[in-house]
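Shown next, in structure tokens, is the structure this report addresses.
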Amino acid sequence: MKTTDTPPADTTGERPPVAKTAPAAAPKEKATGRTLNVFSHGFLILWAFMVAMPLLWAVMTSFKTDKEIFSSPWALPDSLHFDNWSRAWTEANMSDYFLNTIIVVGFSLLGTMLLGSMAAYVLARFEFPGNRFIYFLFIGGMSFPIILALVPLFYVMQNLSLLNTLPGLILVYIGYSLPFTVFFMTSFFRTLPTSVAEAAFVDGASHTRTFFQVMLPMAKPGLISITIFNFLGQWNQYLLPTVLNTEPENKVLTQGLVQLAVSQGYKGDWSGLFAGLVMAMLPVLAAYIVFQRQVVQGLTAGALK
Amino acid sequence: MQHGKYRFIVGFLTAPLAIYGLFVIWPFIQSIYYSFTDWSGLSPEFKMVGFKNYTRLLDDEVFWKSLQHSVMLVVLLPLVTLTMALFFAFMLNVGGRRRKNAAIAGVRGSAFYKVVYFFPQVLSIAIVALLFQFAYNPNSGAINSFLKAIGLESVQPDWLGDPDLALWCIFAVLVWCTVGFFVVLFSAGMASIPKDYYEAALLDGANRITTFFRITLPLLWDTVQSGWAYVGILALGAESFAVVQIMTVGPGGPDYSTTVLPLYVYQKAFRDGQAAYATTIGVALLFVTLLFVAVVMKLGRRERLEY
């Protein structure tokens with residue numbers, strides 16, 4: 001993208017006629033520019049409204065009574081019913097679901113990043129027989145439908161007594177996050193200079209030590225992007241826990257909420273359900289707004305590579 | 001760097017490969033093997049039945065419906081999502097009022113739009129599905145009450161309960177979730193296209209629509225192509241499963257009107273105890289996915305443009 005940085009100085013010197021002809025064309029161009037501006041703002045606002053509205057509606061609804069939800073879905077709540085929130089947190093087990101999710105995502109994220117970068121480092125920096133094969137084995141996992149493997153996986157987990165346990169879920173999350181993590185980190189390690197690692201090694205550091213003390217710190221930007229990517233993916237995971245983790249007390253947030261929707265539907269506690277929904281929504285939205293740049297970089301880096 | 005090299009390599013690869021092999025690769029290979037058996041999943045006994053499961057697929061009406069819906073999603077979802085995203089991203093980057101010397105400018109507040117548009121991307125698909133389930137509720141949902149409020153009381157569709165509408169409701173939710181991400185992605189791509197290209201084209205008398213098709217789209221083509229593959233895999237996989245499973249009633253919507261391949265795999269395996277048949281449907285899903293990726297690669301192949 002160097003071209004954008006260099007030209008301004010020369011172009012003004014090189015192309016004076018352009019500057020002269022521009023004002024003549026300006027009035028017409030200006031008018032179309034204005035119409036276009038109104039047109040584009042119109043569409044952009046409409047979509048912003050369509051994205052934000054359901055979310056604001058959910059927040060509003062979470063403060064209403066059940067009666068209000070049904071009688072006037074679009075009206076503001078007459079008073080803020082915080083009891084919906086406390087009821088959801090304690091009685092509807094949202095606190096447990098949160099805790100489970102934090103445990104599962106915390107450990108899987110740690111495991112994914114550690115194992116993923118270890119494998120990626122070896123694959124990126126060392127030549128050995130089978131290197132390419134292992135690399136393609138890993139990245140092949142990115143495009144195949146998870147659901148196909150889930151049926152036998154269910155029975156593998158059962159045989160290992162890992163079904164319906166949090167450690168089991170953690171291991172599965174790590175397994176399914178590895179393809180992309182290895183793919184991304186391998187290309188990242190390849191871009192790092194080799195000289196530093198070689199110097200460390202010559203100075204007597206072992207390979208392991210070189211990796212942890214020299215290479216990992218150097219790979220920090222890549223690690224951050226991919227950690228965010230994995231965090232969102234694992235925090236929002238629904239399919240894997242639905243199939244592999246049906247023990248009521250082990251449920252994670254997403255399944256807990258769906259379960260809540262089914263049971264509250266019968267009990268009629270819609271306000272509690274909305275409170276739970278918003279409760280699950282707000283932490284990620286808040287984290288996104290605060291770490292916006294990193295989140296976008298992390299996710300788009302994921303899609304672009 | 002030879003000293004202890006192999007010991008190090010083995011040490012670093014063992015754990016990742018073991019986990020990946022045991023929980024991803026091994027089940028994946030097994031599933032293809034199981035598709036040739038009559039395994040129920042409930043008992044450990046089974047025998048080989050050859051292609052029986054595959055011939056059963058041919059007469060399975062629900063399978064064809066699921067396939068049809070999945071194919072419809074994989075064709076239309078990328079088309080609609082990416083077109084909308086390109087449109088919004090172009091508006092954000094080029095739709096602004098002329099400022100001083102710049103021939104083209106982004107709209108004011110484009111950063112704000114990008115932040116809002118990205119919201120659905122960070123939410124779990126399960127949360128989104130639940131939220132829209134309420135919005136679509138025919139009696140007290142947000143959408144029908146809104147229609148009532150603006151005087152359209154006679155128009156009160158049964159959204160998810162109507163076999164003709166249900167799949168389109170699902171489709172709309174998937175579009176809602178996905179567009180924002182690509183607006184941000186394409187917008188970043190467009191911002192890196194040198195401004196002089198547009199200036200030159202506009203001075204030559206091209207209008208903005210022409211500049212979009214002649215400059216923006218060709219230079220962005222690689223990103224569009226990988227986006228195409230990404231949305232397609234999403235439409236065939238876990239996302240469409242979650243939306244259909246959570247939002248629609250009964251076994252994949254009224255009269256199977258919303259059922260999709262991943263949901264049908266799930267139902268056969270974990271509800272009906274037909275694990276072998278489920279893996280067969282899964283293999284069909286794998287074929288659809290591979291076919292789709294191959295088509296995208298083939299159609300998307302263009303000369304690479306450097307700038």
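The values are calculated or read from the model by the stated rules, or taken from the named source; none is laboratory data. Source: prediction; values computed, not measured. Because the Cβ atoms are built from the backbone with ideal geometry, glycine has one as well, and the counts that use them run over all protein chains shown. Ligands, DNA and RNA are stripped out before the accessible areas are found, and what is left, the full protein with its side chains, is counted by its heavy atoms. Shrake-Rupley method; radii C 1.70, N 1.55, O 1.52, S 1.80 Å.
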Fill in: Burial ranking of peptide ranges B:125-133, A:103-111 (average Cβ count within 10 Å, highest at the top)
B:125-133, A:103-111
Worksheet item: With point charges of +1 on the Cβ of Lys and Arg and -1 on the Cβ of Asp and Glu, referenced to the Cα centre of segment B:110-215, which listed residue (B:L130, B:S145, B:V184) lies farthest in the positive direction of the dipole?
Response: B:V184
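Can you give me the accessible area per residue for chain A, using a 1.4 Å probe, in Å²? Don't jump to the answer; show the numbers that get you there.
Values: 14340 Å² over 305 residues.
That works out to 47 Å² for each residue.
Treat every Asp and Glu Cβ in segment A:165-251 as -1 and every Lys and Arg Cβ as +1, leave all other atoms uncharged, and give the resulting dipole magnitude about the Cα centre to the nearest 20 debye. Display every interim value, and only then the final one.
On the way: 4 positive and 4 negative charges, 31 e Å.
For this selection, approximately 140 debye.
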Worksheet item: Which whole number gives the average, over all residues in A:250-263, of C-beta atoms from other chains lying within 10 Å of the residue C-beta?
Response: 3
Practice prompt. Enter the mean number of other protein chain beta carbons within 10 Å of the beta carbon of each residue in B:4-12, as an integer.
Written response: 5
Fill in: Area accessible to solvent at A:I146, 1.4 Å probe radius, in Å²
50
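Do me a favour and compute the ellipsoid semi-axes for the protein assembly as shown from its Cα gyration tensor, root of five times each eigenvalue, largest one first, whole Å. Each step should come with its number before you reach the end.
Values: eigenvalues 319, 259, 120 Å².
Value: 40, 36, 24 Å, ordered largest first.
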Fill in: Computed Kirkwood radius, in angstrom, where 1/r is averaged over Cα pairs of chain A
23.9
Item to complete: Pull up all non-local amide H partners of B:G95: gap of 5 or more, or a different chain, and H-to-H distance under 5 Å with H placed in the peptide plane.
Response: B:V107
Fill in: Nearest-ten-degree value, helix B:275-300 long axis tilted from longest Cα axis of chain B
30
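Rounded to the nearest percent, how much of the accessible area of chain B (1.4 Å probe, protein heavy atoms only) is carbon and sulfur? Let's see the in-between values first.
On the way: 8540 of 13590 Å².
Roughly 63 percent, rounded to a whole number.
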Worksheet item: Heavy-atom accessible surface, probe 1.4 Å, ligands and DNA/RNA ignored: which residues of segment B:115-133 lose at least 40 Å² versus the isolated chain?
Response: B:V115, B:V116, B:Y117, B:F118, B:F119, B:V122, B:L123, B:S124, B:I127, B:L130, B:L131
Worksheet entry | In Hz, Karplus ³J(HN,Hα) per residue of segment B:88-93 (6.51, -1.76, 1.60; θ = phi - 60°; x = Gly, Pro) | 5, 5, 5, 4, 4, 8
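Need one number: buried accessible surface between chains A and B, 1.4 Å probe, both sides summed, DNA, RNA and ligands left out, in Å² to 100.
Values: alone 18750 and 18060 Å², together 27930 Å².
Counting both chains, the buried surface is close to 8900 Å².
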Discussion item. Less than 14 Å Cβ to Cβ from A:E198, Lys/Arg counted +1 and Asp/Glu -1: what total charge do the surrounding residues give?
Written reply: +2
Practice prompt. Can you tell me the alpha carbon radius of gyration of segment A:172-305 divided by the globular rule-of-thumb value 2.2 N^0.38 Å?
Written response: 1.44
Worksheet item: Taking only Cα atoms, what is the 0 to 90° angle, nearest 10, from helix B:166-191's long axis to the longest principal axis of chain B?
Response: 50
Worksheet, complete the sentence: The aspartates and glutamates whose Cα lies under 14 Å from the Cα of B:K195, excluding any fewer than 8 residues away in the same chain, are A:D5
Worksheet entry | Net charge over other residues, Cβ less than 11 angstrom from the Cβ of A:T65 (K, R count +1; D, E count -1) | -3
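Which whole number in µm²/s is D for segment A:65-183 by Stokes-Einstein, with the Kirkwood Rh taken over Cα pairs at 10 °C and 1.306 mPa s? Before the final figure, lay out each step's value.
Values: Rh = 18.1 Å.
Using the Kirkwood radius from Cα pairs, D works out to 88 µm²/s.
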Response to the item:
Taking a ≥ b ≥ c as the square roots of the eigenvalues of the Cα gyration tensor, with a/c under 1.5 meaning rounded and otherwise prolate when a/b exceeds b/c and oblate if not, segment B:25-137 is prolate
Discussion item. Distance between the C-alpha centers of segment B:7-85 and segment A:89-167? Whole Å please.
Written reply: 17
Worksheet entry | Alpha carbon centroid spacing (whole Å) that separates segment A:177-229 from segment B:136-193 | 44
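Which value at 222 nm does chain B reach when only helices count, each DSSP H run of 4 or more adding -39,500 (n - 2.57), with the total divided by all residues and rounded to the nearest 500 deg cm²/dmol?
On the way: 14 runs with 204 residues, N = 307.
-21500 deg cm²/dmol, from helical runs alone.
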Item to complete: Would you grab the residues whose amide H sits under 5 Å from the one on B:T37? Only those 5+ places off in sequence or on another chain, please, with H modelled 1.01 Å from N.
Response: B:V49
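Restricting to DSSP H runs of at least four residues, report the calculated mean residue ellipticity at 222 nm for chain A, -39500 (n - 2.57) per run over all residues, nearest 500 deg cm²/dmol.
Details: 16 runs with 237 residues, N = 305.
Rounded to the nearest 500, the figure is -25500 deg cm²/dmol.
How well do other chains shield peptide B:184-194, expressed as the mean number of their Cβ atoms within 10 Å of each residue Cβ? Don't skip to the end; give the middle numbers.
Details: counts 4, 6, 1, 1, 4, 2, 0, 2, 2, 2, 6.
Counting other chains' Cβ atoms within 10 Å and averaging over B:184-194 gives 3.
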Item to complete: Provide, as a two-decimal number, the C-alpha radius of gyration of segment A:97-165 over 2.2 N^0.38 Å, N being how many residues it has.
Response: 1.42
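Express the carbon and sulfur contribution to the solvent-accessible surface of chain A as a percent, rounded to the nearest whole number, probe 1.4 angstrom.
67
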Worksheet item: Which of the residues in segment B:231-247 show a loss of at least 20 Å² in accessible area from their chain by itself to the complete set of protein chains, at a probe of 1.4 Å?
Response: B:I233, B:A238, B:F241, B:Q245, B:I246
Worksheet, complete the sentence: With every protein chain in place, the accessible area of B:T259 for a 1.4 Å probe, in Å² rounded to the nearest 10, comes to 0
Worksheet item: Can you tell which of A:W235, A:W74, A:W270 shows the greatest fluctuation in a Gaussian network model of chain A with Cα springs below 10 Å?
Response: A:W74
Worksheet, complete the sentence: Taking the dipole of the protein assembly as shown about the Cα centre (Lys, Arg +1; Asp, Glu -1; charges at Cβ), the one of A:L110, B:S154, B:T248 that reaches farthest to the positive side is A:L110
Practice prompt. Please build a GNM for chain A, connecting alpha carbons under 10 Å apart, and tell me which residue among A:A92, A:A149, A:A219 fluctuates the most.
Written response: A:A149
Worksheet item: Among B:D38, B:D196, B:D164, whose mean-square fluctuation peaks in a Gaussian network model of chain B (Cα, cutoff 10 Å)?
Response: B:D196
Fill in: Accessible area in square angstrom per residue, segment B:21-174, 1.4 angstrom probe
46
Discussion item. Students often forget the sequence filter, so: which aspartates and glutamates lie under 15 Å Cα-Cα from B:K268 once same-chain residues fewer than 8 apart are removed?
Written reply: B:D38, B:D60, B:E61
